[in-house]
Each structure stands twice: as structure tokens, then as C-alpha cells.
């Protein structure tokens, strides 16, 4: 009996595009942190493929449907032709990932090669999925941001920065939002071993009042973003200057609660 033909392609909605873009991004971040994160990228690709194919399959069966969106990205199409030394085509990257997934070989040079290909594929697909999506802050921000509280120790802030490679951490202090930068933290902890140990144990609030104090950068109320703010508005009002570049996105009607954060990294 012949296999039933898959359902016709049902285009992704804007919300679905954002969801699968976020899944690919999470997989990419996991792979950057650890080559074992390769599998998380595969899970994300398979979830996208399942949605597009409309029935259970494997990466090979999902390829044509995912390619439909991949063709929207110049990274996976035009640049792969005009700059082949720096960019690979969707077909080449996908084939590498598919074979690595099937072989279950995730050690040594083979694993590194497959992981690099998977990361490049994610970058291209993330770009493709957002083509024609309304460019608002809500569609590109990082949701559920990590923050630190004034009562938490400086050591906790340091650990978060090192674990996640954060340059800034939002802090809600005295009914206003502030940013704690990695530079400010490094400067505060630049002391003798005895003093450093003491400073690590201070709460953020105690460290602010310490001499020398932990420096926070106040985020002016008019610099807080809403999810509906357009990307054009954000970039037009930004300047390439020294200082923190992390935008805070607050919930509607609740400036004391963050809906997300946005950095130039997400806008590239």
C-alpha cells in the first residue's frame, strides 16, 4: 500500500514563526555552550519539520518543507553562491546535520564539525523565519529575562554573569530599573583577597552603599520599551556610544515587571 501523501503546506503564522525562531535560538545557544547541545538543535528542527509536514517523519522527510522557508534567507541562498568560502548553502548544512543525527556520532572533530554546521543552519533559519514578520520589540526580545534583586548577594550576580555570559543584569532598586554591568562588578571586586571575600558576601543593596560602591546605571523611565514598540523606533533613537546597550521591555501597565530584554545582538 502506498504511503499517504503529506498534507499541503500550511504557512506559519507570525506567532508560530516567533516560537520556532526562539526554539532554534535556544538550541543554538545550547550548542555554543556545549557541543552536546547539538541534539537540542535537532529537536528544534524536528519540531519545525513536524509542524510544516503535518505528520510524523524524520529530518530527511522534513527537508523540503523547511527548505521552503530557508529560501527566504540570503544567508542560506545568495551569500552561499557569491561567498562560498564564508557561507554554506541550506542543502549542504542540512545534509551535514541530517547525517550526524542519523549516525549519532557526537564525539571529537566529527561532533565539532556537525555542531558548527547546525549553528550556521540555525542562524540562517532564524533569519528566514522572521522575514515579513512585523518588526516589533515583542517579536525579537528575549522573554523571561534573568534579573537580580537588591537583597541577593554580589556573588550571585557574579555567578549569573559567568554562567550565562551576560554583560548586564537588570536590577529593580528603589522603584526604578538599573543595569549592573560586568565592568562595574569587576571594578567592585578588584581588591585584596580578604576585601574581595567580604564584598562577594554583601547584598547588592549593601554593595551600592559600600565605599567604594558598586555602580549601577539608572535606566530612565522614557528609555523603557513596550512590546509594541517598532524596531525602527528603537534603532533610530540609539547611538553608538560608550555605556550599556541593553533595552528593558516592561509589561503593559506594570513598569515594575519586565516582559523581556533586548540587545543589539537580537537585532542583527
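The values are calculated or read from the model by the stated rules, or taken from the named source; none is laboratory data. The structure displayed is predicted, hence computed values, not measured ones. Every residue, glycine as well, gets a Cβ built from its backbone with ideal geometry; the counts of neighbours run over all protein chains shown.
Structure values in brief
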{"quantity": "Residue in the stretch 51-62 that is more than 21 Å from residue 17 (Cα to Cα), buried (at least 16 other Cβ atoms within 10 Å of the Cβ) and more than 22 Å from the chain's Cα centre (by Cα) present", "calculated": "no"}
{"quantity": "Test: residue in the stretch 21-31 that is assigned to a helix (DSSP H, G or I) and either in the same structural domain as residue 161 (by TED's automatic domain parsing) or farther than 26 Å from residue 136 by Cβ (or both)", "calculated": "yes"}
{"quantity": "The one condition in (1) modelled with pLDDT of 90 or more; (2) exposed (fewer than 14 other Cβ atoms within 10 Å of the Cβ) that residue 112 fails to fulfil", "calculated": "(1)"}
{"quantity": "Subset of the stretch 160-193 (residues that are part of a loop (DSSP other than H, G, I, E, B) and in contact with a strand residue (DSSP E or B) (Cβ under 9 Å, 6 or more places away or on another chain))", "calculated": "167, 175"}
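Each row is one residue, and each column tells you yes or no for (1) surrounded by 14 or more Cβ atoms within 10 Å (Cβ to Cβ); (2) touching a helix residue (DSSP H, G or I) at 6+ places or on another chain (Cβ under 6 Å).
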{"residue": "175", "(1), (2)": "no, no"}
{"residue": "183", "(1), (2)": "no, no"}
{"residue": "195", "(1), (2)": "no, no"}
{"residue": "211", "(1), (2)": "no, no"}
{"residue": "215", "(1), (2)": "yes, yes"}
{"residue": "229", "(1), (2)": "yes, yes"}
{"residue": "256", "(1), (2)": "no, no"}
{"residue": "260", "(1), (2)": "yes, no"}
{"residue": "267", "(1), (2)": "yes, no"}
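Results for (1) more than 18 Å from residue 148 (Cα to Cα); (2) touching a strand residue (DSSP E or B) at 6+ places or on another chain (Cβ under 7 Å); (3) modelled with pLDDT of 95 or more, shown as yes or no for each residue.
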| site | (1), (2), (3) |
| --- | --- |
| 196 | yes, no, yes |
| 241 | yes, no, no |
| 244 | no, yes, no |
| 250 | no, yes, no |
